[in-house]
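Encoded as structure tokens, the structure appears first; notes follow it.
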Amino acid sequence: MALFGKKDNKEAAKSISELKNFPQHVGFIMDGNGRWAKKRGLPRTFGHREGAKNFRKIVRYCKDIGLKNISFYAFSTENWQRPKEEVDTIMGLFSDYLDDVQELLTEKTRMVFLGDKTIFPDYIRAKMEKVEAETACYSDMILMLAVNYGGRDEIAHSARILAQQVKDGVLSPEDITEDSISEHLYTSGYPDVDLVIRPSGELRLSNFLIWQCAYAEYYFTDILWPDFSPEELDKALIDFDSRHRRFGGV
Ligand code: FPP
């Protein structure tokens, strides 16, 4: 395990429920599916299948340990450039997941999509809207899935809404604040990210929730997403618990 900013983690066995600083919002960058498959001599699409299985497992575990807000980066605005077979596989896995809404209902989990939905084919967009509507009454856990998502694109989207309000004469430029920009992000109403977890050894944010991660803590590990286990999540949470967050203060 490669912990960023920490020498070791011998308290790994400590019970998660004893932690003092439990994050309100954990963001996951599901990276390393392609490499997972390549290491096994398999096509990249197999890595995405395993990644999708692991996504379900980790969501379940997050619910078990009482996390309230979780977000997952599944598909960026740039990922459309990947080979058609790969894009089709990811869309297929996404569509299959949307059919399993029952799972979310029994878990009293609300599902919210982060990103521009208009690009999806009608049949997928209809499923997304159905899942959002059917789970809108739940608040035990909020599951945010970033699909066709880009952080800069999201901020531009918020800016366009505010600009239109100024043009319509219902908002003056002086009244544009951090709060009003936040209000028109896809995550409106949900807390900023406290902890970002990125497996696969890459040390970057890749345009994921860039506004909401302004004061986030980061946890990086070399483990590839399909192998990222609940135990590994425990380690990340224990590590987060030891961080001293100052939010610009002293
Ligand atoms: C990044 O790994 C992963 C993606 C771009 C896609 C993630 C998609 C899933 C986990 C499946 C989505 C399905 C559901 C149900 C949400 P990479 O392909 O860039 O890996 P690499 O860096 O090793 O090539």
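Side notes on the structure shown:
- Just checking the listed ones, LYS127, LYS108, LYS167: in the Gaussian network model of the chain with Cα springs under 10 Å, the one fluctuating most is LYS167.
- Contact order relative to length of the chain, as percent, for alpha carbon pairs under 8 angstrom and 6 or more apart: 31
- Potential extension, LYS39-SER139 segment - 0.36 nm per residue separation minus Cα distance: 32.1 nm
- Only Lys, Arg (+1) and Asp, Glu (-1) charged, at Cβ; region 53-171 dipole about Cα centre in debye: 280
- Aspartates and glutamates with Cα under 12 Å of LYS127, excluding same-chain neighbours fewer than 8 positions away: ASP96, ASP99, ASP100
- Cross-link table LYS68/LYS108; LYS108/LYS130; LYS108/LYS235; LYS57/LYS108; LYS63/LYS235; LYS117/LYS167, entries beyond 21 Å C-alpha to C-alpha: LYS108/LYS235; LYS117/LYS167
- For the peptides 62-74, 198-210, the ranking by packing is 62-74, 198-210, with the highest mean count of neighbouring Cβ atoms within 10 Å listed first.
- Net charge over other residues, Cβ less than 12 angstrom from the Cβ of GLY150 (K, R count +1; D, E count -1): -3
- The label point for ALA214 and the one for HIS244, both projected 7 Å from the Cα toward the Cβ, are 2.4 nm apart.
- Debye, to nearest 20: dipole size of the chain, +1 on Lys, Arg Cβ, -1 on Asp, Glu Cβ: 780
- A Cβ-based charge dipole, computed about the Cα centre of region 186-250 with Lys and Arg at +1 and Asp and Glu at -1, lands at about 360 debye.
- Percentage relative contact order, region 189-250, counting C-alpha pairs under 8 Å, at least six apart: 36
Every number in this text was worked out from the coordinates using simple rules, so none of it is lab data. Bear in mind the structure is a predicted one, so any value in this text is a computation, not a measurement. In this analysis, Cβ positions are derived from the backbone assuming ideal geometry, glycine residues included, and neighbour counts consider all displayed protein chains.
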